[in-house]
1. Out of the residues in region 7-21 meeting the condition of being open to solvent by less than 30 Å² (accessible area, probe 1.4 Å) and touching a Gly at 6+ places or on another chain (Cβ under 6 Å), tell me which one is farthest from S124 (Cα to Cα).
2. Please verify whether region 58-71 includes one or more residues that are touching a Ser or Thr at 6+ places or on another chain (Cβ under 7 Å) and among the hydrophobic types (A, V, I, L, M, F, W, C).
3. Identify all residues within region 25-60 that are among the basic types (K, R) and surrounded by 13 or more Cβ atoms within 10 Å (Cβ to Cβ); write none if there are none.
4. List the strands (runs of 3 or more DSSP E) inside region 61-124, counting only whole elements, that have at least 2 residues being open to solvent by less than 20 Å² (accessible area, probe 1.4 Å) and touching a residue at least 40 places away in the same chain (Cβ under 8 Å).
5. What are the residues in region 38-60 that are in contact (Cβ under 8 Å) with a residue 40 or more places away in the chain, part of a loop (DSSP other than H, G, I, E, B) and under 19 Å from D99 (Cβ atoms), if any?
Amino acid sequence: QVQLLESGGGLVQAGGSRRLSCAASGRTFSSYTKGWFRQAPGKEREFVAAISWTGGSTYYADSVKGRFTISRDNGKNTVYLQMNSLKPEDTAVYYCAADTSRWRGTYYYDMDYWGKGTLVTVSS
């Protein structure tokens, strides 16, 4: 079993930056694909970014490409999401996730393990 705990959410002004962290516990976390998803109020959950288990490959949703960066530190069992040039439409609960399947390098609709989320609010 894998447990995921997000942190770093909060209120930020438009144009600002925020870094989210996701600490994991449980077996073989370092070998899993990791991802970030988000769910805005009244909307469905959407994929944000994913990273391969080595950290050598990443994939981003078009809406965040060039603004967000996903990274990981397997020694610390932690994955990060650096968010820059934030917009009010980035306001959402951000979820960390882990997937046991092989890296696909494409948009993810679901993963196997999920955190409880952290709220990011971007004010205009």
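1. Within region 7-21, the match that is farthest from S124 (Cα to Cα) is S21.
2. Scanning region 58-71 turns up at least one residue that is touching a Ser or Thr at 6+ places or on another chain (Cβ under 7 Å) and among the hydrophobic types (A, V, I, L, M, F, W, C).
3. If the condition is that a residue be among the basic types (K, R) and surrounded by 13 or more Cβ atoms within 10 Å (Cβ to Cβ), then K34, R38, R45 are the ones that fit.
4. Ranges flagged: 78-83, 92-99, 118-123.
5. R45, S52, W53, S57
The values are calculated or read from the model by the stated rules, or taken from the named source; none is laboratory data. This is a predicted model, so every value here is computed, not measured. All Cβ positions, glycine included, derive from the backbone under ideal geometry; neighbour counts span all protein chains shown. Ligands, DNA and RNA are stripped out before the accessible areas are found, and what is left, the full protein with its side chains, is counted by its heavy atoms. Shrake-Rupley method; radii C 1.70, N 1.55, O 1.52, S 1.80 Å.
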